[in-house]
Structure formats: C-alpha cells, structure tokens
C-alpha cells in the first residue's frame with residue numbers, strides 16, 4: 001500500500017512515455033554500475049542524461065536499448081517492450097565504439113539506417129539513395145557521400161551517424177555522448193538538427209557530459225550517479241544542490257561555484 | 001598438361017571436380033569475407049579441427065552397420081555434428097568463464113584434433129572397410145573422387161553462397177556496429193550463430209577437396225587479399241568469393257595433373273599467390289602504391305620547403321632538398337634559382353602571403369584549417385574570394 005502511495009500515477013506515465021525504466025540494475029559481473037533506477041522520458045522533449053564518469057550513463061542507455069542485459073528491471077517504450085518498438089527508436093553510438101578502418105562509405109552507413117525498409121532482399125533503389133542523401137544534407141555531409149568513413153574527421157563521423165539515425169524516421173532518438181571530441185561547428189550543427197527533430201514532436205535522449213551547455217541545449221535533465229539523483233525540467237532538476245549530490249565535492253570549486 | 005587441366009580437358013570427372021571445387025571456393029571466400037569483417041577468422045580453425053573426431057566416428061559407425069565407410073554424406077554429417085559440439089563448447093567457455101576467445105579456441109581445437117587422430121589410428125587398424133583414404137580428409141584429395149561426391153560439393157557450395165547473399169545486410173550491420181544492429185531488431189547472437197553455421201557448412205563441404213587442416217586458408221586468405229582492393233564491404237565480400245573460386249578451381253585442376261598431389265596445399269598456395277599480388281600491386285592499400293604515395297608527398301614537401309627557403313633568401317640546408325630542386329630544374333648547380341625557379345618562388349611567396357591574409361580575415365578564417373603547407377590557396381577559394389583577399393594584400397603587393 002505504501003508503495004502505491006509513494007509513486008502516484010507512475011504506471012500511467014509509463015504507459016505513454018516513449019521510454020520508461022523501472023527498477024533497473026545492471027552489473028558487468030561485479031558491483032552494480034546502475035542500481036535500481038527509475039526513469040520516465042517526457043515525450044517531445046530533449047532530455048540530457050548527466051552524471052560523473054563511471055556513473056552509469058552509457059550503461060543506462062545501452063540497457064534501455066537491450067544492448068546490455070540487466071540484472072533486474074523493466075524497460076518499456078510507449079508501454080511495450082523495447083524490442084517490439086525498435087522500428088521507432090534510433091540509436092547513435094559513441095564514436096569510440098566503431099572500427100573506423102571498416103570498409104564502408106558514408107552513404108553505405110546512412111543506407112543501413114533504412115534496414116527495416118530494405119529488409120533482407122529488397123534492392124536499394126534510387127529513391128532510397130535520394131532519401132539517404134537528404135539525410136546527409138541535413139547534417140551538412142552531402143559532399144562526403146562516397147568517402148570511406150575512416151577518412152572523415154571526428155565531427156564529420158559523428159554527423160554521419162546522426163544521418164543514419166535520421167534515415168530511420170524514428171520517433172525516439174537515443175544518443176551516447178554525441179558531442180564528445182567534436183569541433184564547435186559540428187556541435188552546433190548537431191544541436192540544430194536535434195532541436196528541429198524535437199520541434200517535429202520527436203523525443204531526444206542524450207548522454208551528455210558538458211555541464212555548461214545543459215541549460216542551452218536541453219529541456220529536461222536526468223541526473224545519475226549509479227542511482228537516480230534527480231529527474232525533471234532543467235530549472236528544477238539541474239540545480240546546485242542536485243549537482244552537488246551527483247558529483248559530490250568534485251564539482252564544488254568549479255562549476256557549482258559559478259552557478260551560485 | 002597444366003593448360004589442359006585448367007581448360008577442363010582432362011575428362012568429364014576431372015572437370016566436374018574442378019567446377020565443384022570452384023563453387024566451394026566461391027562460397028568459402030564469401031563466408032570468409034564476412035568472417036573477416038566480423039573479426040572472427042580464427043573460429044574457423046577451431047571448427048575445422050573439431051570435425052576430425054566426428055569424421056572418424058562416422059566411418060566406424062557406417063562400417064559397423066555394414067555399409068561403405070567412405071560414404072561422403074555420412075562422413076559430412078558426422079563431421080558437422082562434432083564441429084557443432086566444438087563450436088558450442090567454444091561459445092560456452094567464452095560466455096561462462098573469463099577465458100578470452102582465442103584461448104578457448106586453442107583448447108578446443110587441439111583437444112578435438114588430438115581425439116580425432118587417436119580415432120583415426122583406430123580406424124587404420126580396423127579390418128573392415130578399405131581404410132585407405134580417410135587421411136585424405138586431412139589435406140584434401142580429389143584423386144579418385146566419385147561423380148556423386150563432386151555434385152554434392154558443388155550443390156553444397158551453391159547453397160552456402162545463396163544463404164550468404166540472402167543474409168548479407170544483417171551480417172554486414174552486425175559486423176560494423178553490433179549495438180546499432182541490435183537496436184534495429186537484428187538478433188546479434190542469432191546472426192553470429194548463422195555465420196558460424198555457414199562456416200561449418202563450408203568446412204564440411206570442403207573436407208574432401210581442401211582437407212580440414214587447410215580449409216581455414218580458403219576462409220581467410222581470399223578475404224584479406226580482397227580487402228586490399230576495396231573500401232566497400234560488399235565489394236570485399238564479392239572479390240573474396242572470386243579469389244576463393246579461382247584458388248579452388250585452379251587447385252583442383254592442377255592437382256588432377258598428378259594423382260599423388262594433395263589438393264589442399266595447392267589451393268592454399270594459389271590463394272597465397274593472389275594475396276601476394278594484392279599486397280604488392282593493389283591501388284591505394286598496396287605496398288607499391290603506398291611507397292609511391294610516400295615518395296610523391298616527400299618530394300612535394302621538399303620542393304615546397306626548398307622554394308620557401310629560396311624565397312626568403314635563406315640557404316637550403318638538406319642535401320635531399322637541394323638535389324630535388326636541381327632535378328626539377330628550379331635551381332642551377334651553384335644553388336641559385338633558375339628562371340623557372342624564380343617564377344615558382346614568386347608563386348609560393350604569393351600563396352604564403354594569401355594564406356596569412358586568410359587567417360587574419362574576418363570572413364574566411366574558418367578555412368585556415370585547410371592550410372596544410374602544401375595545398376595551394378587557389379584550390380580552396382573561388383576566384384571571387386581570391387580577388388577579395390588580394391585587395392587586403394594590395395598595399396604590400398603594390399610596392
């Protein structure tokens with residue numbers, strides 16, 4: 001009974017949320033890196049997953065996607081298991097997880113975003129190619145379509161992966177540190193595309209590590225340090241107190257001082 | 001004789017064997033291409049060695065049942081079963097313990113092969129069934145192969161190839177970015193299992209021709225040779241199939257010229273020849289191309305640096321630079337610039353001044369990242385931009 005009182009309306013929200021996590025615990029064989037986390041992503045908004053190094057940000061995202069198998073917990077997208085909604089979810093992995101010597105060109109990568117449409121046997125037709133080129137256009141990479149991916153700069157590589165996600169026509173975009181190691185021009189290009197997606201009514205969730213840009217880029221924040229620290233609109237969840245709770249003393253002299 | 005062998009003029013059976021071997025090679029090359037892209041090439045070694053106990057046991061069972069011990073489909077089934085068990089054990093060991101995959105492969109490979117050799121020795125002491133011939137499965141032997149066997153091999157190769165073609169998209173996506181593939185609804189574990197099943201099929205089909213010790217070469221060598229020629233995964237896979245087919249065809253045809261010649265080693269040597277050629281002459285990734293590229297870059301750097309020094313009236317320190325300037329006709333033997341050298345020097349000086357102006361300009365400064373010391377600014381800016389930039393140079397240019 002007390003449980004039900006503690007979380008009024010939780011289950012209703014989980015039914016409609018593009019991504020709802022309940023009681024998620026993940027371990028890579030040792031102590032849990034994510035412990036008993038609840039998260040309810042708000043539809044049509046941009047949410048930043050923020051927390052110190054090793055706080056389980058990427059792990060949380062990977063568990064949501066089914067890439068990492070959790071010890072416990074339930075994850076739903078629009079009220080159904082994530083695996084059944086995968087056509088509506090696009091994922092942009094961390095740049096470091098890719099083998100950049102792999103023999104694929106930029107356009108090949110974007111065409112992979114259309115896998116659901118192409119399936120096993122359907123041929124790649126001019127209209128697929130044009131749609132892929134349009135996605136590249138949106139991230140300013142049209143001129144690079146025939147380059148092998150290893151020949152791109154870090155920022156360009158990140159934009160190509162965003163283009164692949166765009167090609168999927170998804171409703172929920174999950175990005176793992178999209179701004180890590182990219183130049184300023186790429187950062188502003190990516191954020192412009194993400195904001196445009198949000199304005200079309202799509203939902204964005206990004207693991208983010210740069211605290212100074214959280215307020216400018218995102219609507220909502222999910223603060224994590226192994227457990228959920230705070231969740232909500234930037235104005236209420238991203239405060240000196242919650243940051244102190246997530247980062248401990250590590251942040252006291254720098255960022256929080258400037259905010260105070 | 002060799003020419004006749006390659007053009008299929010050594011009789012109907014030899015031709016059939018060569019074609020079956022080609023089909024096997026194409027299938028092995030294509031499967032090997034994906035195996036290489038997935039970075040699992042070594043698993044094929046475990047699979048192939050793990051076939052041996054099953055092969056010997058199948059022989060014993062068939063003889064015990066009063067049948068022909070060398071009945072190929074039966075031997076293939078036995079090999080597939082024991083290789084499947086070996087593969088399953090490698091997977092379990094990797095998943096359940098902290099052993100890295102290469103260690104698990106090493107353990108399984110040697111254990112199964114050892115057991116297989118013991119069983120093979122027992123087979124050789126058996127009275128029943130003409131034992132001679134089972135060792136042929138170690139290194140491959142096409143001598144005295146039955147027509148039905150060749151047909152089975154060709155059909156097996158074709159079936160594997162069709163399966164690879166059908167699965168090419170999910171296989172590629174898993175190889176490139178398994179997280180993304182998973183999110184797209186492709187079962188990574190299922191796709192890996194399918195790839196392993198294809199490798200297993202190639203191994204079992206290829207036992208008779210290439211032999212279980214060397215089938216690995218037919219899976220790996222064509223793929224790494226093909227990688228030299230293309231930056232697109234599906235082209236790599238297709239080319240790998242082509243290379244595998246050539247090696248399989250040539251190996252079977254050549255070994256038909258001398259009955260004592262084992263087929264596997266010849267297939268492998270042909271594959272290696274294709275690899276060596278690729279390594280040397282492939283454009284862009286090949287050794288010759290790389291050396292040529294290095295030479296060209298080196299000479300551009302030296303010439304530009306030498307001209308820069310000349311334009312500033314400084315001495316050229318490096319002997320190599322002096323030599324290159326002289327050879328390009330830009331300096332005289334005494335080190336003074338020639339007519340052409342002076343023109344080049346002026347051009348370089350203008351280029352340097354323009355780059356400097358670009359770095360200081362308000363509108364074009366973003367392009368300064370394109371300045372690598374060798375790129376001429378004319379190739380970066382439009383004529384209009386260049387004209388605008390030159391107006392900021394004008395005061396100095398006018399004097």
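Each reported figure results from applying straightforward, stated rules to the coordinates on display, with no laboratory input. Because the structure is a prediction, the values reported are computed rather than measured. Backbone-built Cβ (ideal geometry, glycine too); neighbour counts: all protein chains shown.
How big is D, in µm² s⁻¹, for chain A by Stokes-Einstein at 10 °C and 1.306 mPa s if Rh is the Kirkwood radius over C-alpha pairs?
Working: Rh = 19.2 Å.
Diffusion coefficient, whole number: 83 µm²/s.
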Review point. Per residue of A:91-103, how many C-beta atoms from partner chains lie within 10 Å of its own C-beta, taken as a mean?
Key: 4
Check your understanding: Can you give the Rg and Dmax of chain B based on its C-alpha atoms, in angstrom?
Key -> 30.8, 106
Exercise for review: For each of A:115, B:317, count neighbouring Cβ atoms within 10 Å of the residue's Cβ, then give the residues from fewest to most.
Suggested key: B:317, A:115
Check your understanding: In degrees from 0 to 90, rounded to the nearest 10, what is the angle of the helix B:339-360 Cα long axis to the longest principal axis of chain B?
Key -> 90 degrees
Review point. When only Cα pairs under 8 Å and 6 or more residues apart are kept, what is the percent relative contact order across region A:2-259?
Key: 25 percent
Check your understanding: In what sequence, highest mean first, do A:32-44, B:15-27, B:355-367 appear when ranked by Cβ atoms within 10 angstrom?
Key -> B:15-27, A:32-44, B:355-367
Practice item. Enter the Cα centre distance for the pair region B:226-285 and region B:53-80, rounded to the nearest angstrom. Key: 31 Å
Point to revise | Kirkwood-Stokes translational diffusion coefficient of region B:288-398, alpha-carbon pairs, 10 °C, 1.306 mPa s, µm²/s | key: 104 µm²/s
**Study point:** Acute angle (nearest 10 degrees) that the helix B:383-398 long axis makes with the longest principal axis of chain B, alpha-carbon atoms
**Key:** 40 degrees
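Averaged across B:162-174, how many Cβ atoms of other chains sit within 10 Å of each residue's Cβ atom? It would help to have the intermediate numbers written out before the result.
Values: counts 0, 0, 0, 2, 2, 1, 2, 10, 3, 0, 6, 2, 0.
Counting Cβ atoms of other protein chains within 10 Å of each residue's Cβ and averaging gives 2.
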Exercise for review: Mark the label point 7 Å from the Cα of residue B:299 along Cα→Cβ and return the residues of region B:309-338 whose backbone N is within less than 12 Å of it.
Suggested key: B:324-329
Point to revise | Interatomic Cα distance distribution for region A:136-224, bins of 10 angstrom, percent | key: 15, 52, 28, 4
Exercise for review: Would you please put A:88-101, A:141-154 in order of how densely packed they are, using the mean number of other Cβ atoms within 10 angstrom per residue and starting with the highest?
Suggested key: A:88-101, A:141-154
Study note, to complete from the structure: Using alpha-carbon positions, the gyration tensor of the protein assembly as shown gives root eigenvalues a ≥ b ≥ c; with a/c under 1.5 called rounded, otherwise prolate if a/b exceeds b/c, else oblate, the class is oblate
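What's the long-distance tail for region A:96-165, i.e. % of Cα pairs beyond 15 Å? Let's see the in-between values first.
On the way: 1162 of 2415 pairs.
In whole percent, the long-distance tail amounts to 48.
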Revision key, fill the gap. Taking every C-alpha to C-alpha distance in region B:132-217 and binning by 5 Å from 0, the per-bin percentages run 3, 14, 19, 18, 14, 11, 9, 6, 4, 1, 0
Study note, to complete from the structure: Within 10 Å of the Cβ of an average residue in B:233-240, the count of other chain Cβ atoms is 2
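Using only C-alpha positions, report the orientation-averaged shadow area of the convex hull of region B:1-74, nm², one decimal.
Values: hull surface 28.7 nm².
Hull-based average projected area comes out at 7.2 nm².
For region B:1-160, what does the alpha-carbon gyration tensor say about shape, rounded, prolate or oblate, given a ≥ b ≥ c as the root eigenvalues, a/c under 1.5 as rounded, and a/b over b/c as prolate? Don't skip to the end; give the middle numbers.
Numbers: a/c = 2.38, a/b = 1.24, b/c = 1.92.
Oblate is the answer for region B:1-160, as a/c is 1.5 or above yet b/c matches or exceeds a/b.
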